[in-house]
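Trainee: Attaching a single structure in structure tokens format; questions to follow.
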Amino acid sequence: MTFIFTLCADTCPVLTPMMSFVQDQLGNDFGEKIRFVSITIDPERDTPEVLKEYAHAFGANLSGWSFLTGPPEAIRDVTRRYGVFAAKNANGGVDHTFLTSIIDRRGILRVQYLGVRFDPEEFRRDLVSLVKEQ
């Protein structure tokens, strides 16, 4: 699970294609045993249609990757639960913590990667390891 916004010019356009690359490396497990979820932190601008275009632009396979939006209060609740900071800035963008979380089938948070420095191969290995564990 990640928190993104489509007008991000910093970390989101770096990490989303990295996740798309990992999606392609997972083979049949992607969508069947492993799902990605990207939640917008800018629900006022990121409508379902905008998120669908964003997903398409980055090669997201929507059979296994959901791009979610919702009421601002619900988004704030989810970001708070996962320890993500998100606040509008003076330029109209959103300053935010870029956090990628791996959550198991029981809803237990297993691993979190902070920022753009996580290694896609390590991320893939962690995902595959979790599938084998369950």
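The values are calculated or read from the model by the stated rules, or taken from the named source; none is laboratory data. Small disclaimer: the values here were computed from a predicted structure and weren't measured. Please note: Cβ atoms are built from the backbone with ideal geometry, for glycine as well, and neighbour counts cover all protein chains shown. What goes into the accessible areas is simple: the full protein's heavy atoms, side chains included, and nothing from ligands, DNA or RNA. Shrake-Rupley method; radii C 1.70, N 1.55, O 1.52, S 1.80 Å.
Trainee: For the range 55-114, what log10 I(q)/I(0) values come out of the Debye formula at q = 0.14 1/Å, with one point per alpha carbon and no solvent?
Mentor: Values, matching the q order: -0.54.
Trainee: Any chance you could get the radius of gyration and Dmax over the Cα atoms of the range 26-68, in Å?
Mentor: 11.1, 35
Trainee: Could you size up the charge dipole of the chain around its Cα centre, putting +1 on the beta carbon of Lys and Arg and -1 on that of Asp and Glu, and report it in debye to the nearest 20?
Mentor: Dipole about the Cα centre, nearest 20: 360 debye.
Trainee: How many nm separate the modelled label positions at D10 and D29, each set 7 Å beyond the Cα in the direction of the Cβ?
Mentor: 3.2
Trainee: Here's a follow-up. Counting only heavy atoms of the protein chains, get the accessible area per residue of the chain (1.4 Å probe) and round it to a whole Å² value.
Mentor: The answer is 56 Å² per residue.
Trainee: Something else now. Show me 24-31, 101-108 ranked by packing, highest mean number of other Cβ atoms within 10 Å first.
Mentor: Listed from highest to lowest mean packing, they are 24-31, 101-108.
Trainee: Once the convex hull of the alpha carbons of the range 79-134 is built, what does its volume come to per residue, in cubic angstrom?
Mentor: So the per-residue hull volume is 84 Å³.
Trainee: Of (i) 11.8; (ii) 7.7; (iii) 9.1, which one was derived for mean projected area of the Cα convex hull in nm² from the structure shown?
Mentor: (ii)
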